[in-house]
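Notes follow the structure.
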Amino acid sequence: MEILTPGDLKDKFQDPWIAPYEKVITMVDDQKVEIVEYHPCISGSQWMIYQYQHSSDIVLNAKRDGNKHTFLVKVGKSNLSLKPSLHAAGIEEVSVDDDEVKVVHAGLAGAGVGAAMCRGMAEGVKRVELQDVGGGSKVGRATVVTPRMEKIVIGVDDTDTKEEGATWTLAHNVGAELARQGYNYLDHVTVQLYPHNPNKTQNCVAIALVFAVNPGEKDALVQKVVGLLKEKTLSDKTAIAVLKGLNVPDELREYGKSAKRSMLTVEEAEKVAKNAGVELVEVTGSQGKIGALAALGVYNDIEEAVKVYY
């Protein structure tokens, strides 16, 4: 076994058949890990999504958005049995050791090259424990070691007025500003709420911003979001909701779906948030708590998030 940093890999493998991944992030919550990878290709990476889902029994879910892969996996070992075309690549093992996450990737031929060298060159990787190089007809196998991070999702609502503003753009600009400050801004989800709400400005949507942070950074992130919103919002009703971890509690999910179909109150939002362990923060007012909390309930179900219930 050879232990190499991303820089070492780039120096050692300058072959034309190496395509480095852009970035790898791993977020931990109890015995589950969410792996986010930015692949060098776009739609071509759908092959990897299919293979991992069908080859590794510890992969609970896999999806692609552009060149971004997201794998939800269990800590443990997989009964991986590689077979050309049928089961050509997968995750053999996932473990969490203090402040590090170790993911063992394996693949045949080109998939093995991706498992070892391509991933190992990505931003966010600390080192790679290279067992087999792969390529040609050979197996490639490597342990990719990344820092242990946490997932923070922040719901935002009520930042505009009937005269001006747009919540989806302001929320994104907040996320983009935090990315410039060094935070990992992973996603922006627009959530359609009850279209017949008489208090709406127009389209009645809330936003969920998704971040990966180092352990202990949650409070600082929230403070920065509040500060930016307080500075930029046009509304006196702005509020946010903060969810930590990979799980969306059932009560929170049902609340999010209810907010798409009916009118809800601030008091209901506060009760559900307390039960679900979600932090609610008034930026300039309390009305925004309703939509901000609802956005957290369905942020990880894109089809449901955008659906309109008449």
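At a glance:
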read-out	value
Flag for TYR21 being at pLDDT below 95, hydroxyl-bearing (Ser, Thr, Tyr) and not in a helix (DSSP H, G or I)	yes
Residues satisfying the stated conditions in region 258-275, i.e. hydroxyl-bearing (Ser, Thr, Tyr) and surrounded by 13 or more Cβ atoms within 10 Å (Cβ to Cβ)	SER258
Every pair of residues 6+ apart whose Cβ atoms lie under 7 Å, when the first sits in region 294-310 and is closer than 9 Å to VAL189 by Cβ while the second is of a type in the set (Phe, Trp, Tyr) and part of a loop (DSSP other than H, G, I, E, B)	ALA305/TYR299
So SER55, is it in the same structural domain as ALA142 (by TED's automatic domain parsing), among the polar types (S, T, N, Q), more than 22 Å from ILE3 (Cα to Cα) and buried (at least 21 other Cβ atoms within 10 Å of the Cβ)	yes
Restricting region 19-35 to residues that are under 15 Å from HIS69 (Cβ atoms) and among the acidic types (Asp, Glu), the residue that is surrounded by the most Cβ atoms within 10 Å (Cβ to Cβ)	GLU34
Qualifying residues in region 227-252 (those that are buried (at least 20 other Cβ atoms within 10 Å of the Cβ), of a type outside the set (Gly, Ala, Ser) and under 21 Å from the mean Cα position of the chain (by Cα)) - the one farthest from GLY291 (Cα to Cα)	LEU243
Among (1) surrounded by 23 or more Cβ atoms within 10 Å (Cβ to Cβ); (2) modelled with pLDDT under 95; (3) not assigned by TED's automatic domain parsing to the domain that holds LEU296 - the single one VAL153 does not satisfy	(2)
Every pair of residues 6+ apart whose Cβ atoms lie under 8 Å, when the first sits in region 1-18 and is exposed (fewer than 11 other Cβ atoms within 10 Å of the Cβ) while the second is not in a loop (DSSP other than H, G, I, E, B)	MET1/GLU129; MET1/LEU130; MET1/GLN131
First in region 46-60 and free of Cβ contacts under 8 Å to residues at least 24 places away in the same chain, second anywhere and outside any loop (DSSP other than H, G, I, E, B) and surrounded by fewer than 18 Cβ atoms within 10 Å (Cβ to Cβ), Cβ under 7 Å, 6 or more apart	ILE49/LYS63
Verdict on TYR255 being hydroxyl-bearing (Ser, Thr, Tyr) and either exposed (fewer than 15 other Cβ atoms within 10 Å of the Cβ) or touching a Phe, Trp or Tyr at 6+ places or on another chain (Cβ under 6 Å) (or both)	no
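The values are calculated or read from the model by the stated rules, or taken from the named source; none is laboratory data. None of these values were measured; they are calculated from a predicted model. Because the Cβ atoms are built from the backbone with ideal geometry, glycine has one as well, and the counts that use them run over all protein chains shown.
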